[in-house]
Amino acid sequence: MGEGWAREGVQAPSQPTESSAPVRLTGTFADARAASWGTVALVPTMGFLHEGHLSLIRTARDAADTVLVSIFVNPLQFDRADDLAAYPRDSHRDLELCRHAGVDVVFVPDAMEMYPTGPLTRVTVAGVADGMEGAHRPGHFAGVATVVTKLLAGLGPDRAHFGRKDAQQLAVVRTLVQDLSLPVEVVPGPTVREPDGLALSSRNVHLAGANRDRALGISRALFAAADAAEAGERSAEALVGVASRAMVHAGLEPDYVALADAHTMAPLAEVEGETVLATAAAVGGVRLIDNVVLTATGPSIVADRGTLLDEPSLLHR
Ligand code: AMP
């Protein structure tokens, strides 16, 4: 195991509960607000929860009076109807996981509560949303920015927690919060991975057999580039080359492999400050994204690969 690793055991439902208080299930913004008190931490999700979500919930729990989890499979951010239809859903399981994790309020709006008129207003974030995922998924980030803005405006949390797994989404959310002067602190959480390195994603339930093995090529490629960066390689061309070749060698065809500033998502020629090396690839019809964070501190580079679970995730149980 190289440097840049952290290990954590995220609380699973079979383990003792942190809270015995019942979780409040709400379907309207007004009810969710009424059920919240004191300092409110929001964890927005699309459900089918796993330890990546639970890690955000645990950080939220540490410093808030009310932990509010929203579950909404947001049609606006899907660029393909078949992807939306296939997105995994299990609201009973999600509610149980939230209860065991000590969540206070779960907000599960229906489409009418979220988009009664259409919606007619969309939030678009220029620049930071244009490359990488934005270039490959037309309209995706306008859908994300619109739903996140609605959740922040309608629920009024003090803090909102987002995973680094979706590095560009995190940058888009930080940008819109700053540009619209929204009174909320955006708190990033580490990418949580299976013991072998595969980044957790609700979509992973659609990976089986050879595709599950092939998917591992994504994190392995990024880790190979992270190793090279920690050994002193700073150039985008070289690091992208290491990751791209490893992916092709693993039988993957990446949509892109890119080195970008972690806050602006502007392409970089070399690692500078906080940088992400990000990629996306479809494996057996399942589109997966992943990244490592490379931070230059003086002459050295520190790679943050996220946290590894000790045991296979809930997605495999
Ligand atoms: P999703 O339900 O996939 O829309 O994700 C909801 C939130 O969980 C987002 O902030 C994601 O970045 C975060 N998330 C998803 N997968 C992971 C993961 N493997 N590690 C950390 N955070 C994650």
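The values are calculated or read from the model by the stated rules, or taken from the named source; none is laboratory data. Treat the numbers as computed from the prediction; the structure is a model and nothing was measured. Cβ coordinates were reconstructed from backbone atoms using ideal geometry, including for glycine residues, and neighbour counts include every protein chain displayed. Keep in mind that these areas ignore ligands, DNA and RNA; they rest on the heavy atoms of the full protein, side chains included. Shrake-Rupley method; radii C 1.70, N 1.55, O 1.52, S 1.80 Å.
Things worth noting here:
- The chain, accessible surface, carbon-and-sulfur percent (1.4 angstrom probe): 53 percent
- Ratio of Rg to Rh for region 176-309: 0.99 [Cα atoms; Kirkwood radius as inverse mean 1/r over pairs].
- In terms of the mean number of neighbouring beta-carbon atoms within 10 Å, the peptides 160-166, 205-211 order highest first as 160-166, 205-211.
- Cα gyration tensor shape for region 173-239, rounded if a/c is under 1.5, else prolate or oblate: oblate
- Tensor-based shape of region 275-317 (alpha-carbon gyration tensor, a/c under 1.5 rounded, otherwise prolate or oblate): oblate
- For the chain: relative contact order, % (alpha-carbon pairs under 8 angstrom, 6 or more apart): 20 percent
- Our note on the geometry: Cα centres of region 251-302 and region 223-247, 10 Å apart.
- Environment charge at Ile218 (Cβ cut-off 13 Å; Lys +1, Arg +1, Asp -1, Glu -1): +2
- Taking the inverse of the mean reciprocal distance over all distinct Cα pairs, the Kirkwood hydrodynamic radius of the chain comes to 20.0 Å.
- Note on surface exposure: Asp31, Asp290 rank Asp31, Asp290 by accessible area, highest first, 1.4 Å probe.
- Per residue accessible area in Å² of the chain, where ligands, DNA and RNA are left out and the probe is 1.4 Å: 43 Å²
- Charge sum, other residues only, whose C-beta stays under 14 Å from Phe48's C-beta, Lys/Arg counted +1 and Asp/Glu -1: -1
- When nucleic acids and ligands are ignored and a 1.4 Å probe is applied, Met132 ends up with an accessible area of around 30 Å².
- Calculated from backbone phi, Karplus (6.51, -1.76, 1.60) coupling profile of region 189-194 in Hz, x at Gly/Pro: x, x, 6, 9, 10, 4
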